[in-house]
Ligand code: HEM
């Protein structure tokens, strides 16, 4: 990005090949791209510096640099675990790398996409974008209001050129050309001896739309982050959920989200969860269908409606979306105390630890239980559950299939204090056994038992029992998302694609037709075309125009005097083979490299 | 009973189809291998008599003007006294004619080249059949894992190339590098990435799969074609530079690079190809975001796959921007284009294999 860049920019820039200086206004403003000027280090005051900084920021060079930096800056986030996506991995990483961890933390590498430096890059880029878009839009409006620039003096210098002599009067030719160009949807007007025309403004419009759409998308994304909310909830079959803050298991929201007023009032109940799995073949056990049948009602007191939520089919209620995220089993257990009184009967959700839904968790009997002496106590059970048991003596207690083919619940039991009153928030899936004693069996070993559905484990010394009921429930986790700005982001995205397509596929070009009376009284017609970039389409189009115009102003019978015939040139290629020298004068610049070669 | 029997029958048919698909893919590889040899023969037997055209164009003005090809502009029939449109190339641009192609104007070479193209057509039909039977065997779009992605990818890349040929574009020079890499791609697919045909996990059950993945494959194939053009451009450009400054390129370079289109044509070709698919790539990412919104509850979550699609997008945007605004034609822009394609490749192989994310076939 040194001065060399500027050189190249000038040599093969947008108007390259047209000898931009000589074309003057004709070649200018074929786009609204800002002109690159060499940094002219000012010896100015604060305002001067500010203006200089602004010019730099909104220059194409810096825009390019920022764009490139943005892609570089997104790389670390894909290679280093991110706390936004996976807290556990971040923790693991920090444990494994005790020196790197803190450094990464300082650099924001666990939070790349909300880090200061990442934000700085895209904010600068978007400031640059806005600083670029506003003047470009004005300029474009000016161009739309104005007229295509008049013909340059020497049309022969343009990338596509044609000339002939005709007997039609110059006015006649110009009028025919004007009509012809207008019919082909050029903006055309007569200026002096020539007709000037331009077409393809949609390219510029598309380009501006594209860049504005980028801004819209960014604002929608940023706004969405500020106002969004997202929470998770585990629901066992038969249970329900009402959308209030206290009902969530976990809840995150953007800094401008107001949980008191922004939570939509809806509720739903999980009626049934269905999971099916591949039964045979190499992918045995891979899930096929997950479906949660729910009954929901919109608003505070809407009519209940039934529907199903699937992995790719969230439920939309009141503008929020409810996604099906995970599932597992919740065995129903009944605990009786020493006197046979039921003190606990509940479906206990257990957390899956592998893809065959081997699950673990804890059963906590907080109150109501009295031991055989009538003393109040708390009970706790470590639970290990497999939906498909491998069979007795078949190794360990891991599930071999995710469906409920051969469910087994393994328990060991504790009594004492669960420690929930200590005020420290407790993980409901883990037992804190520091103040508990393990029940022992008759041989003095820890009490441990595998239960089939319907079986009961007796606690020693008449301390009661626990029954694994036949009815095993399933649970599902849901994510409830409130994400405003979606619509805007989508609109921006669609506009961006449309604008981009217009910007890339439409060519903006100018055509001039000049008709003058030659020294011998015969009319000389000259036409030329100029595109924003070199393209075969421009000469093709000119050739078609020439064909039509020629039909109305045919070539004068006698050929032009030979003195007028321009010589062939190295870089001029004729559009029809064996054309008798009608190429323009050999003004084509000699490539610098050729001169170099000759000197050697 | 009957139900179970019917199911078994259906499974058997599907396994049959899957086997047919495998046979077709192997056959396609065999045919492509023949096409590869035919292309080699085209290059080997192709004449080198035209070698030196570039040097002549670059060092002697007189010869250059005599040798300058005549460009026939479509758009009008040749009426004798119709005025001609004269086309001038850019100031400062090298005015070098395109090379004659691999056959170098040699009849035998040309024959081998034609045989190679015919074999490519045949191989492509067989491969497309393989992809189709694979799709039928699983009764879904054949894009559920990397094996399927790979076979579809090379089918589309060859399809794009053959379409360009059918449109009478000057792209036969793509033949050898394309077939070589297609063979590599298929070899990788049948050995390392092979996965028995199977149903999809629930997260992939969505019509967005059709839209997002098919456009992703298509864009990748077209970007790939563009990248081959860019790479050849870089070689050809060095060759022309060397000639223009009076250097003597090696005889291998002289023989091979001389037959390629001129650097300017290659550059323009890759620009057009890349620019043409860029809007579709933008669409692919947006379609992915919509799908992610349905499947995972957020449309953008900086998952590694998403990040790398974004990086690829920004890199290509950077390339187009550089060309449109800074007027970077030539080598600098070419490096950007190659970096961008490298990002695409990494997004496909690198992210799937080395980085774990939400995309369900990640980890092959
Ligand atoms: C978010 C970052 C940006 C992206 C992704 C982006 C993307 C693009 C793309 C893909 C093009 C190519 C269209 C074509 O070939 O005609 C383009 C053109 C252009 N962009 Fe950007 N751009 C960005 C930021 C900017 C900024 C910051 C500026 C101003 C400083 C800018 C000014 C322009 C101009 C002047 C053109 C050329 C217009 C023309 O062809 O007439 N862009 N941009």
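The values are calculated or read from the model by the stated rules, or taken from the named source; none is laboratory data. Source: prediction; values computed, not measured. For neighbour counting, all protein chains shown are included, and Cβ atoms are generated from backbone atoms with ideal geometry for every residue, glycine included.
Of all residues in the range B:295-302, none are without any contact (Cβ under 8 Å) to a residue 24 or more places away in the chain, within 16 Å of the ligand (Cβ to nearest atom), under 25 Å from residue A:115 (Cβ atoms) and crowded, with 22+ Cβ neighbours inside 10 Å. Might you let me know whether the range A:313-332 holds any residue that is over 30 Å from residue A:468 (Cα atoms), touching a strand residue (DSSP E or B) at 6+ places or on another chain (Cβ under 9 Å), exposed (fewer than 15 other Cβ atoms within 10 Å of the Cβ) and at pLDDT 85 or above? Yes, the range A:313-332 contains a residue that is over 30 Å from residue A:468 (Cα atoms), touching a strand residue (DSSP E or B) at 6+ places or on another chain (Cβ under 9 Å), exposed (fewer than 15 other Cβ atoms within 10 Å of the Cβ) and at pLDDT 85 or above.
Filtered by the rule that a residue be surrounded by fewer than 19 Cβ atoms within 10 Å (Cβ to Cβ) and not in a strand (DSSP E or B), the range A:402-416 gives A:403, A:404, A:405.
Screening the range A:180-211 for residues that are more than 14 Å from chain B (Cβ to nearest Cβ) and within 16 Å of the ligand (Cβ to nearest atom) and picking the one that is farthest from residue A:513 (Cα to Cα) gives A:205. Restricting to the range A:206-245, name every residue that is part of a helix (DSSP H, G or I), farther than 12 Å from residue A:496 by Cβ and under 20 Å from the mean Cα position of the chain (by Cα). Across the range A:206-245, the qualifying residues are A:219, A:221, A:222, A:223, A:224, A:225, A:226, A:227. Residues in the range A:135-178 that are farther than 20 Å from residue A:30 by Cβ and surrounded by fewer than 15 Cβ atoms within 10 Å (Cβ to Cβ): A:167, A:169, A:171.
For a quick check of your reading: which helices (runs of 4 or more DSSP H) sit entirely within the range A:74-163 and have at least 1 residues that are within 14 Å of chain B (Cβ to nearest Cβ)? Reasoning before the result, please.
On the way: elements: A:87-96, A:100-107, A:116-145.
Hits in the range A:74-163: A:87-96, A:116-145.
Would you please name the residue that is nearest to the chain's Cα centre (by Cα), looking only at residues in the range A:481-498 that are at the interface with chain B (Cβ under 9 Å from one of its Cβ atoms) and either within 27 Å of residue B:272 (Cβ to Cβ) or at pLDDT below 90 (or both)? The selected residue is A:493.
Here residue B:276 fulfils each of the conditions (1) within 17 Å of the chain's Cα centre (by Cα); (2) facing another protein chain (nearest Cβ under 10 Å); (3) closer than 28 Å to residue B:165 by Cα; (4) surrounded by 19 or more Cβ atoms within 10 Å (Cβ to Cβ) apart from (4).
Consider residue A:177 carefully, then state whether it is closer than 13 Å to residue A:549 by Cα, touching a strand residue (DSSP E or B) at 6+ places or on another chain (Cβ under 8 Å), away from the ligand (no atom under 16 Å from the Cβ) and within 14 Å of chain B (Cβ to nearest Cβ). Here the answer is yes, as residue A:177 does meet what is asked.
Residues considered: A:295, A:307, A:276, A:286. Of these, the only one that is surrounded by 13 or more Cβ atoms within 10 Å (Cβ to Cβ) and at pLDDT below 80 is A:286. Applying a threshold of 8 Å to beta carbon distances and a minimum spacing of six or more residues, or different chains, the list of pairs starting in the range A:525-546 at a residue that is farther than 18 Å from residue A:195 by Cβ and at the interface with another protein chain (Cβ under 8 Å from one of its Cβ atoms) and ending at one that is in a strand (DSSP E or B) and more than 16 Å from the ligand (Cβ to nearest atom) reads A:539/A:160; A:539/A:529; A:539/B:87. Given the structure, is residue A:511 modelled with pLDDT of 50 or more, more than 10 Å from chain B (Cβ to nearest Cβ), under 20 Å from residue A:165 (Cβ atoms) and touching a strand residue (DSSP E or B) at 6+ places or on another chain (Cβ under 6 Å)? In short, yes. Out of A:522, A:538, which single residue is at negative phi, modelled with pLDDT under 90 and buried (at least 22 other Cβ atoms within 10 Å of the Cβ)? Matching residue, one of A:522, A:538: A:538.
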